[in-house]
1. Quick check: anything in region 70-89 at pLDDT 95 or above and touching a Gly at 6+ places or on another chain (Cβ under 7 Å)?
2. Considering region 99-136 alone, what residues qualify as being more than 12 Å from the chain's Cα centre (by Cα), more than 18 Å from PHE64 (Cβ to Cβ) and in a strand (DSSP E or B)?
3. Among the residues of region 64-84, how many are among the hydroxyl-bearing types (Ser, Thr, Tyr) and surrounded by 12 or more Cβ atoms within 10 Å (Cβ to Cβ)?
4. Between PRO91, PRO43, which is in a loop (DSSP other than H, G, I, E, B), out of contact with any strand residue (DSSP E or B) (no Cβ under 9 Å at 6 or more places or on another chain) and in contact (Cβ under 8 Å) with a residue 40 or more places away in the chain?
5. From the set of residues in region 95-115 that are β-branched (Val, Ile, Thr) and at pLDDT 95 or above, which is nearest to LYS129 (Cα to Cα)?
6. Out of VAL123, VAL115, I need the residue that is of a type in the set (Val, Ile, Thr), surrounded by 13 or more Cβ atoms within 10 Å (Cβ to Cβ) and over 19 Å from GLN23 (Cα atoms). Which one?
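The values are calculated or read from the model by the stated rules, or taken from the named source; none is laboratory data. Not measured: the values here are computed from a predicted model. Here the Cβ is made from the backbone with ideal geometry for all residues, glycine too, and neighbour counts use every protein chain on show.
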Amino acid sequence: MSVAVDYAQPLLAVDQILDLSDQSIRTIKAIAGNEAFFVGHYPHFPIFPGAFVLEAVHQTTRLFVSEGLKLSLHARLIQIHSVRLLSPLRPGDVLQVDARCTREATGELIVDSKVWRRDTPPVAVAQIKLRYVLES
């Protein structure tokens, strides 16, 4: 499933939804080598910024709320519980986000995600836990 999102350009951190259920979502993002930030992050050894990995999980979560839960609510990030970056992503890699989303009775959404580099076998890139509030 292709993705059309309303995020500020130029950072589109999700290219496609691979799988979607009532409790989880899987997305991918192909990392192009011609992105402007690669020039300084880092010269002669370009690495996809960790903040952009976090943004991929955030955009995946927003897609889960709109496409998976079919809610006209906005998922507002209220807490970054933990971020563990485990391995770098480089130009040409494909980032995969597997997010498990638990809707709490309080109206909050807890997101437990694992981010992978789609190799054979997949390489763990990050573990990220977030908390959102669902609001109009």
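1. Yes: one or more hits.
2. ARG117, VAL123, ALA124
3. Of region 64-84, the ones among the hydroxyl-bearing types (Ser, Thr, Tyr) are 66, 72, 82.
Among the residues that remain, those that are also surrounded by 12 or more Cβ atoms within 10 Å (Cβ to Cβ) are: 66.
Here the count works out to 1.
4. Numbers: PRO43 fails: in contact (Cβ under 8 Å) with a residue 40 or more places away in the chain.
Being in a loop (DSSP other than H, G, I, E, B), out of contact with any strand residue (DSSP E or B) (no Cβ under 9 Å at 6 or more places or on another chain) and in contact (Cβ under 8 Å) with a residue 40 or more places away in the chain holds for just one of PRO91, PRO43, which is PRO91.
5. Initially, region 95-115 is screened for residues β-branched (Val, Ile, Thr), giving 97, 102, 106, 110-111, 115.
Pick out the ones that are also at pLDDT 95 or above and you get 97, 102, 110-111, 115.
Details: VAL97: 12, THR102: 11, ILE110: 7, VAL111: 6, VAL115: 11 Å.
Here the residue is VAL111.
6. On the way: VAL115 fails: over 19 Å from GLN23 (Cα atoms).
That would be VAL123, the only listed residue that is of a type in the set (Val, Ile, Thr), surrounded by 13 or more Cβ atoms within 10 Å (Cβ to Cβ) and over 19 Å from GLN23 (Cα atoms).
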